[in-house]
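What follows is one structure encoded as structure tokens, with my remarks underneath.
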Amino acid sequence: MSFENILVKNENRICTITLNREKQLNALNTETISELNMALSQANEAQDIRVVILTGSGEKAFVAGADIKEFADFKRSEAYRLSDEGQKKLFDFVENMKKPVIAAINGFALGGGLELALSAHIRIASTNAKMGLPEVSLGLIPGYGGTQRLAQNVGKGKALEMIMTAGMIGAEEAFSWGLVNQVCEPEELIERAEKMASKILKNSGNAIASAIKSVNALYSSENGFEKEKKEFAECFEHPESQEGIT
């Protein structure tokens, strides 16, 4: 399937999805969100795909934010629907995928871009990456899960500092805060993400899906410990655990 705003490459059981709106700094609009949902849904169900890498085209931006032109004139009900539909179609969807998602953050990851990276399971940033949630400078707040996932990753105080100052932080500071897992030079970014993916590929895909569900339960209304017990028990019924234990 061909897309207008993203590029998809499937190779060695890894699906690499590149946001391809370089002139707009890969800004997210509703069409791009829909395309990402379609590509991610396909990867999530494909038997020959085990890991997904998300990145942005060009050297300037992973995703520089949402496309403000789309919602500049919105009223309350329209804004709520934008946030609700966007979270369901993309950000919550990524977080709850059974295939692990690695965000390879090149350049700016601002607003919706950082929110997309936060919804991924692992984040690797290039040294030129800049991250922030500048929405309060527009009289808004993050609407794609940023207030929740940022606090989950860096703690309440740091999250409020980033949100309230609308400031940006670099890759090394993001690493020290626990916001990203690794930092590397820009030319090494995709190779580093693929190396991470190759380590994941050595392990049981079924068990990894169960681990994602169990960890996510901590941040939901579910009882995380009970969810872990159930997922642990269900693993024993899968051929991959029987083979691994044997």
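The values are calculated or read from the model by the stated rules, or taken from the named source; none is laboratory data. Keep in mind the model is a prediction, meaning the values are calculated, not measured. A quick note on method: Cβ atoms are made from the backbone with ideal geometry, for glycine too, and the neighbour counts reach across all protein chains shown. Remember, those area values only see protein heavy atoms, side chains included, never the ligands or the DNA or RNA. Shrake-Rupley method; radii C 1.70, N 1.55, O 1.52, S 1.80 Å.
Glu4 satisfies every condition listed in (1) surrounded by fewer than 21 Cβ atoms within 10 Å (Cβ to Cβ); (2) touching a residue at least 40 places away in the same chain (Cβ under 8 Å); (3) part of a loop (DSSP other than H, G, I, E, B) except (2).
Here Asp73 fulfils each of the conditions (1) in contact with a Phe, Trp or Tyr (Cβ under 9 Å, 6 or more places away or on another chain); (2) without any contact (Cβ under 8 Å) to a residue 24 or more places away in the chain; (3) in a loop (DSSP other than H, G, I, E, B); (4) not hydrophobic (A, V, I, L, M, F, W, C) apart from (1).
Of all the residues in segment 31-59, those that are open to solvent by 60 Å² or more (accessible area, probe 1.4 Å) and at pLDDT 95 or above number 6. The residue that is nearest to Pro100 (Cα to Cα), counting only those in segment 224-246 that are open to solvent by less than 100 Å² (accessible area, probe 1.4 Å) and polar (S, T, N, Q), is Ser241. If you go through segment 150-182 and keep only what is surrounded by fewer than 21 Cβ atoms within 10 Å (Cβ to Cβ) and within 17 Å of the chain's Cα centre (by Cα), you end up with Ala151, Gln152, Asn153, Val154, Phe175, Gly178, Asn181, Gln182.
Taken together, the residues in segment 84-106 that are open to solvent by 10 Å² or more (accessible area, probe 1.4 Å), closer than 18 Å to Ser220 by Cβ, in contact (Cβ under 8 Å) with a residue 12 or more places away in the chain and in a helix (DSSP H, G or I) amount to 4. Restricting attention to segment 188-210, does a residue exist that is over 24 Å from Ile14 (Cβ atoms) and buried (at least 18 other Cβ atoms within 10 Å of the Cβ)? No: segment 188-210 contains no residue that is over 24 Å from Ile14 (Cβ atoms) and buried (at least 18 other Cβ atoms within 10 Å of the Cβ). Of the conditions (1) over 9 Å from the mean Cα position of the chain (by Cα); (2) closer than 29 Å to Ser214 by Cα, Leu116 fails just one. Which one is it? For Leu116, the failing item is (1).
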